[in-house]
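Contents: one structure, followed by commentary.
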Amino acid sequence: MANGVLFIGWKRPLPGREQQAMDLLQKTLAYYEKAKSEGKIESFETVILAAHGGDLNGFIMVTGDAEKLSAFKREDVFVDYSTEADYCLDDFGIVEGYVGEGAMNQVSRWSKLIGK
């Protein structure tokens, strides 16, 4: 069961790099599908947000075992695709996080800090 997440977000393609961004998205989704079938990740979800005037317009949430995700994000293909995304997408970023039991463990740690 997933306890970790990679939150991969962006604002929009940089002007003149829209086609590159679209091609990269297609390559990335195929790569994630293969990683899922190989058991490297548990699932992934692509989200394109409706127009709202904010800085986040889309993201991909990759879930799985936190240790496997850590190894996954160090794979050459992941690093290459992330480097390309940083080149063609405005405000591209990757954040590690917690879901399921991982999220509950973080809440428990926070509760200890506030004495609950």
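The values are calculated or read from the model by the stated rules, or taken from the named source; none is laboratory data. Because the structure is a prediction, the values reported are computed rather than measured. Counting neighbours? That spans all protein chains shown, and the Cβs are built from the backbone with ideal geometry, glycine included.
Would you pick out the residues in segment 56-88 that are under 12 Å from the mean Cα position of the chain (by Cα) and among the β-branched types (V, I, T)?
Listed by number, the residues that qualify are I60, V62, T63.
Determine whether D86 is in contact with a strand residue (DSSP E or B) (Cβ under 9 Å, 6 or more places away or on another chain), surrounded by fewer than 18 Cβ atoms within 10 Å (Cβ to Cβ) and free of Cβ contacts under 8 Å to residues at least 12 places away in the same chain.
yes
Going by the structure shown, is L14 more than 20 Å from G100 (Cα to Cα), hydrophobic (A, V, I, L, M, F, W, C) and surrounded by 13 or more Cβ atoms within 10 Å (Cβ to Cβ)?
Spelling it out, L14 is indeed more than 20 Å from G100 (Cα to Cα), hydrophobic (A, V, I, L, M, F, W, C) and surrounded by 13 or more Cβ atoms within 10 Å (Cβ to Cβ).
In the list A35, A21, which residue meets the criterion of being small (G, A, S), farther than 23 Å from G4 by Cβ and in contact with a Phe, Trp or Tyr (Cβ under 9 Å, 6 or more places away or on another chain)?
A21
List pairs: first residue in segment 16-32 and within 11 Å of Y81 (Cα to Cα), second residue in a helix (DSSP H, G or I) and not aliphatic (A, V, I, L, M) anywhere in the structure, Cβ distance under 8 angstrom, at least six positions apart or on different chains.
Cβ pairs passing all conditions: A21/C88; L24/Y81; L24/E84; L24/C88; K27/Y81; T28/Y81; Y31/F78; Y31/Y81.
Name every residue in segment 26-78 that is farther than 19 Å from D90 by Cβ and either among the aromatic types (F, W, Y) or modelled with pLDDT under 95 (or both), in order of residue number.
Of everything in segment 26-78, those that are farther than 19 Å from D90 by Cβ and either among the aromatic types (F, W, Y) or modelled with pLDDT under 95 (or both) turn out to be Y31, Y32, F44, F72, F78.
Scan (1) touching a residue at least 24 places away in the same chain (Cβ under 8 Å); (2) surrounded by 12 or more Cβ atoms within 10 Å (Cβ to Cβ); (3) acidic (D, E) for the single condition D55 breaks and write down its number.
Exception for D55: condition (2).
Tell me, which residue of segment 89-99 that is surrounded by 15 or more Cβ atoms within 10 Å (Cβ to Cβ) and under 11 Å from the mean Cα position of the chain (by Cα) is nearest to E33 (Cα to Cα)?
Looking at the filtered set, the residue picked out is I94.
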